[in-house]
1. Which one, (i) 106; (ii) 156; (iii) 129, gives volume of the Cα convex hull per residue in Å³ as derived from the coordinates shown?
2. Might you work out the accessible area of L261 for me, using a 1.4 Å probe with all protein chains in place, and round it to the nearest 10 Å²?
3. Putting +1 on Lys and Arg Cβ atoms and -1 on Asp and Glu Cβ atoms, find which of V135, L75, V309 reaches farthest to the positive end of the dipole of the chain.
4. Please list, or write none, the lysines whose alpha carbon is within less than 23 Å of the alpha carbon of K57, excluding same-chain residues fewer than 8 places away.
5. Looking at the chain, do any whole DSSP H helices span at least 27 angstrom along their long axis by alpha carbon and average 0.0 or above on Kyte-Doolittle, and which?
6. When the accessible area of the stretch 136-268 is computed with all protein chains present and a 1.4 Å probe, what percentage of it is carbon and sulfur?
7. Below 18 Å, Cα to Cα, which lysines can K312 reach? Residues fewer than 8 away in the same chain don't count.
8. Once the Cα gyration tensor of the stretch 69-228 is diagonalised, what are the square roots of 5 times its eigenvalues, in whole Å and ordered largest first, as equivalent ellipsoid semi-axes?
Amino acid sequence: MEGLAIAILAVAFYIAWNIGSNDSANAMGTAVGSGILSFRQATLTIAIFVVLGAYLKGYKVMKTVGEGIVPEGFLTMEMALIALLAAGIWVTIATVRGLPVSTTQSIVGGVIGVGLAMKAPVNWFTLGKIAAAWVISPILSGILAAILYKFYSKVISKIKSVSTIEALYKALAILGGSYMAFNFGTNEVANASGPIVGAGFMEPKTAGVLVAISLAIGSLTFSYAVMHTVGKKITALGPISAFAAQFGSAISVSLANFLGLPVSSSQSIVGGVVGVGLVVGQGVDRRVIRDILFGWVATPLTAIVISFVLVKLFSIAGML
C-alpha cells in the first residue's frame, strides 16, 4: 500500500507538471505574446495565483472529477493511478508538439476509460453537462472577449498620456492573467487532484496545494512552446486584445467553477483569442486552429483508449 501511495503521488505530480507545462499559456500566453510580461514574470504570477485558487475554491471541481463521473467506491487508488497516468501520457505528447490540448478532457477521458474497463455505472448525465460546457465555454469566451475589446478600446482612445497608457496596459495584463491563473487553480488543478480526492487518498485542500506547486514547476520549466502558440501563432495580439482575450476566458471559466464543471482553459483562451482576432479584423491562422481542434477531438478519445488498455494490461499481469 505504501508503494501504491508513492506511485499515486508521483503520477499526480507528473500530470500536474504537464498541466503547468501545457496550460500555463492559458493564463499568461497572450501577455507574453504581446510583450507586456516576460516569461519569468508570467510564471511567477501563475505560481502565486494558482496556489491561491486551488486552496480556496478547488474543491467543487475536484468532487465532480473524483466522484461525479463514476460512483464513489469504484475509483480506487489503483484506478486513480491509471486515470492520471493515461492523461499524463497524452498531454506530454501534445506539449512536446506545442499543442494547447485540454488536460480536462484528458483526465475525464482517463476516468471514463477506467470506468468502462471496470464495468462501473458511468454517470452519462454528468458527462453530458461537462461536454456541453466544453462546447459553450470557448464560444462564450469569444463573445465576452469581443465585447471587452470594444469597450476598453474606446476607454484607451480617450487617454492622451503615453505613460498612463503604458502603465494601464501592464496593469490590465497582470490583472487579466492573475484572474485566469486563479481560475486555473480552481478548475484545472482538479484534473490532477480530483481522482486522488475521489479515491479517498487525500483531503481536497492538501491535494490542491501540492498539485498546484508541481503545476507551477511545470510552468517554469517547460511551458514556453505552448505560450508561443497561444500568444503569437493564432493571431497577432496587442495589449488591449491580450487583456480582452484573458478576461473574457477567465469569466467563462469562473461560471464553470460556480457550477462545479471541469472545463478546458485551453478551449476558453483560444476562443477568446479568436473572438478578439475576428473583431479586430486580423487574420486567424486556420491551420493552427485546425491542429488545435484536432487535439480537442483526439484528447478524450485517446485518454479513454489508453486508460482502458492500461486497466486490462494491469489486470492480466495480476496487478489489480
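The values are calculated or read from the model by the stated rules, or taken from the named source; none is laboratory data. Quick caveat, the model's predicted, so the values are computed rather than measured. Don't worry about glycine lacking a Cβ; one is built from the backbone with ideal geometry, like all the others, and counts go over all protein chains shown. Surface accessibility is based on the protein's heavy atoms, side chains included, excluding ligands, DNA and RNA. Shrake-Rupley method; radii C 1.70, N 1.55, O 1.52, S 1.80 Å.
1. (i)
2. Ignoring ligands and nucleic acids, L261 comes out at about 20 Å².
3. Result: V135, furthest along the dipole toward the positive end.
4. In chain and number order, the partners are K129, K205.
5. Qualifying helices, which must be both long enough and hydrophobic enough, are 2-33, 77-96, 124-157, 162-187, 239-259, 286-316.
6. Exposed carbon and sulfur together represent 73 percent of the surface.
7. Those lysines meeting the cut-off are K119.
8. Semi-axes (√(5λ), whole Å): 37, 18, 15.
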